[in-house]
1. Modelling each spin label as a point 7 Å along the Cα-to-Cβ direction, I'd like the N60/M43 distance in nm, to one decimal.
2. Please give, to one decimal in nm, the separation of the simple spin-label points placed at V86 and A53, each 7 Å out from Cα toward the Cβ.
3. With a/c under 1.5 counting as rounded, go ahead and sort region 71-111 into rounded, prolate or oblate using the C-alpha gyration tensor (a ≥ b ≥ c being the square roots of the eigenvalues; past the cut-off, prolate if a/b is larger than b/c, else oblate).
4. Test of the criteria: in region 19-111, which GluC sites (Glu not before Pro) are in a DSSP loop and have at most 16 other Cβ atoms within 10 angstrom of their Cβ?
5. Amide H to amide H under 5 Å from G67: which residues, 5+ apart in sequence or cross-chain, H placed 1.01 Å off N in plane?
6. Relative to a virtual label point 7 Å from the Cα of T21 in the Cα→beta-carbon direction, which members of region 32-60 show backbone nitrogen distances below 12 Å?
7. Can you give the accessible area per residue of region 55-111, in Å², using a 1.4 Å probe?
8. Through the Karplus equation 6.51 cos²θ - 1.76 cosθ + 1.60, θ set to phi - 60°, convert the phi angles of region 35-48 into ³J(HN,Hα) values in whole Hz; use x for Gly and Pro.
Amino acid sequence: MADAGVPRGGQMSEMHAGTLTRADLGDVVHRKLGLSRAESASMVERLLHHMCAALSEGQNVKISGFGSFILRDKGQRVGRNPKTGVEVPIAPRRVMTFRASQTMRDKIARD
């Protein structure tokens, strides 16, 4: 992913405390595409907005070579308060999981 402006081999010089942020992504777009910082930040925001909108509408999001954000509906179940041991019903809900692509898993295992 060095082509995307992401440091190789675990170098964290461009990231804050080991975390890639929206601002970092905007900076990469700014440097690689030559757009203004405002346009770059806007592009990142629009991309994230479209992903969030698709997920909120019940669609899965698949980014080839990166991974898939998958929605799953979980049914109601009985949970237990670990402190008191009292059983509590847990309402049905929708959860999102991320499954990395094989390309991503291979890259992570290699670096």
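1. 2.9
2. Using points 7 Å along Cα→Cβ, the separation is 4.4 nm.
3. oblate
4. Those that pass, being in a loop and sparsely packed, are E57.
5. S101
6. none
7. Counting only protein heavy atoms, the per-residue value for region 55-111 is 81 Å².
8. These are the phi-based 3J(HN,Hα) values: 6, 5, 4, 5, 5, 5, 4, 5, 4, 4, 4, 5, 4, 5 Hz.
The values are calculated or read from the model by the stated rules, or taken from the named source; none is laboratory data. A quick note: this is a predicted structure, and the numbers were derived from the prediction, not measured. As a convention, Cβ positions derive from the backbone with ideal geometry for all residues, glycine included, and neighbour counts pool all protein chains shown. Please note that ligands, DNA and RNA were not included when accessible areas were found on the heavy atoms of the full protein model with its side chains. Shrake-Rupley method; radii C 1.70, N 1.55, O 1.52, S 1.80 Å.
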